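Student: Quick one: structure below, then a few questions.
Throughout, read-outs are computed from the coordinates displayed, never taken from laboratory work. Model, not experiment: these values are computed from the prediction. In this analysis, Cβ positions are derived from the backbone assuming ideal geometry, glycine residues included, and neighbour counts consider all displayed protein chains.
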C-alpha cells in the first residue's frame with residue numbers, strides 16, 4: 001500500500017536565533033536533518049514525500065533541499081509534493097484577527113495538505129531527528145490501514161530520557177496508555193530538565209523512562225476531513241479568547257478526540273535517541289551526533305547511495 005510522509009517545515013524558528021533552523025546544515029556534505037528523515041522513510045518503505053512550507057521560504061527551501069531531494073526521489077520512484085501553510089487559510093466566514101502574524105499551528109499545517117493525501121500518512125517535524133525504528137514502526141502500522149476503520153491512528157512513543165537537551169528545559173507530551181498500549185491522554189509538561197538522575201521539573205523527579213510524543217503520528221486520509229471540522233470548531237470556540245496567539249495543535253486536538261472516544265491511537269515504542277535543533281547551542285551536538293552515526297555505519301557519508309529503486 002502506498003504511504004506518504006508529511007514533513008512540517010513551515011515553522012518560524014524564532015528560538016534558533018536567526019536563519020531558518022530547518023535548513024541548518026548538520027551532515028558532512030551539508031545535509032540537513034530532513035535529509036536523514038527522508039532517507040529513513042524511503043528505506044522503511046514510504047513512497048511519497050509532502051513538504052509543508054511557507055511561500056516566503058520556498059526559494060531558500062528548494063535551494064537547500066527541495067531541488068536536490070526531488071532529483072533523488074525521482075531516481076528512486078518516490079513522489080514529491082508541496083503544501084503551503086498560510087495565515088489566511090482559515091475556515092469560510094472568519095477573518096484573520098488584526099495584528100495576528102503567525103500561522104495557526106500544526107493542525108493547520110496538516111490541513112494545508114488537503115487534496116494531496118489519498119493514502120495513509122505519517123507526520124513529522126522538519127527539525128527533529130527520530131531514528132530509523134520509528135519510521136519502520138509507523139510504516140508497518142500504516143500498511144494495515146483499513147478504510148472501514150478510518151479512526152485507527154498511531155504514534156511513535158519516544159523514551160523521555162532519549163529526548164532531552166543539554167542546553168535548556170524542554171516541553172514534552174507525556175503519554176498515558178492503557179494495558180494494550182493505546183493512548184488515553186497526552187500530558188503536556190513544560191520545563192523538563194536533564195538531571196544526573198534522569199529528568200525533573202522544578203526539582204521534582206519525572207520518570208525518565210516515560211514515553212513521550214515527539215509529533216510523529218500515523219494518520220489516515222479520512223483524518224484530514226476530521227481535522228478540517230475541528231479547525232472550524234477551533235475558530236468558533238477558541239480564537240476570540242486569544243486572537244494573536246491561539247494555535248490549533250495536532251496533539252491537543254487528537255487528545256480532544258480521545259476524550260470523546262472518536263479515535264484510537266496505538267503507541268509504538270521506539271528506543272532511538274531523538275535530537276533536534278531547538279537552541280542555537282544544539283547545532284554542534286547534532287553535527288557531532290550525525291558524525292558518530294556515520295562512523296558507526298548507521299549511515300553512509302554519501303547518504304542516499306545505499307537506497308535502490
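Student: Diagonalise the Cα gyration tensor of segment 157-217 and give the resulting equivalent ellipsoid semi-axes, square root of 5 times each eigenvalue, largest first, whole Å.
Tutor: 20, 11, 10
Student: Based on the alpha-carbon set only, what is the convex hull volume of the chain divided per residue, in Å³?
Tutor: Numbers: hull volume 43.9 nm³, N = 309.
About 142 Å³ per residue, rounded to a whole number.
Student: Still on this structure, please answer the following. To check my understanding: the extent here is largest minus smallest coordinate of the Cα atoms along each principal axis. What are those three numbers for segment 1-147, in Å, largest first?
Tutor: 45, 43, 24
Student: Next question. Work the Kirkwood hydrodynamic radius out for segment 229-302: mean of 1/r over every pair of different alpha-carbon atoms, inverted, in Å.
Tutor: 16.5 Å is the Kirkwood radius here.
Student: Rounded to the nearest 0.05, what FRET efficiency is calculated for residue 187 and residue 260 with R0 set to 22 Å and r the Cβ-Cβ distance?
Tutor: 0.80
Student: Let me ask something else. Report, in deg cm²/dmol and to the nearest 500, the calculated mean residue ellipticity at 222 nm for the chain, where each DSSP H run with n ≥ 4 adds -39500 (n - 2.57) and the sum is divided by the residue count.
Tutor: -8000 deg cm²/dmol
Student: Also: Once R0 is set to 35 Å, what does the formula 1/(1 + (r/R0)^6) return for the Cβ-Cβ distance between residue 63 and residue 95, expressed as a FRET efficiency to the nearest 0.05?
Tutor: That pair, residue 63 with residue 95, gives E of 0.55.
Student: For segment 72-199, take the convex hull of the Cα atoms, compute a quarter of its surface area, and give me that in nm², please. Write down the numbers at each step before the final one.
Tutor: On the way: hull surface 49.4 nm².
Answer in nm², one decimal: 12.3.
Student: Arrange the peptides 83-94, 235-246, 126-137, 41-52 so that the one whose residues have, on average, the most other Cβ atoms within 10 Å appears first. Present the calculation step by step, with values, prior to reporting the outcome.
Tutor: Details: 83-94: 14.5, 235-246: 12.4, 126-137: 22.8, 41-52: 21.1.
My ranking of the peptides, most packed first, is 126-137, 41-52, 83-94, 235-246.
Student: Comparing 39, 271, 55, which has the greatest mean-square fluctuation in the GNM of the chain with Cα pairs linked when under 10 Å apart?
Tutor: The residue with the greatest mean-square fluctuation here is 55.
Student: In angstroms, what radius of gyration and Dmax does segment 146-256 have, counting Cα atoms only?
Tutor: 16.3, 48
Student: Please report the spacing between the Cα centers of segment 274-300 and segment 17-96 in Å, no decimals.
Tutor: 19 Å
Student: In percent, how large is the relative contact order of the chain, given Cα pairs closer than 8 Å and 6 or more residues apart?
Tutor: Numbers: 561 pairs, mean separation 78.1, N = 309.
Once divided by the residue count of the chain, the mean separation gives 25 percent.
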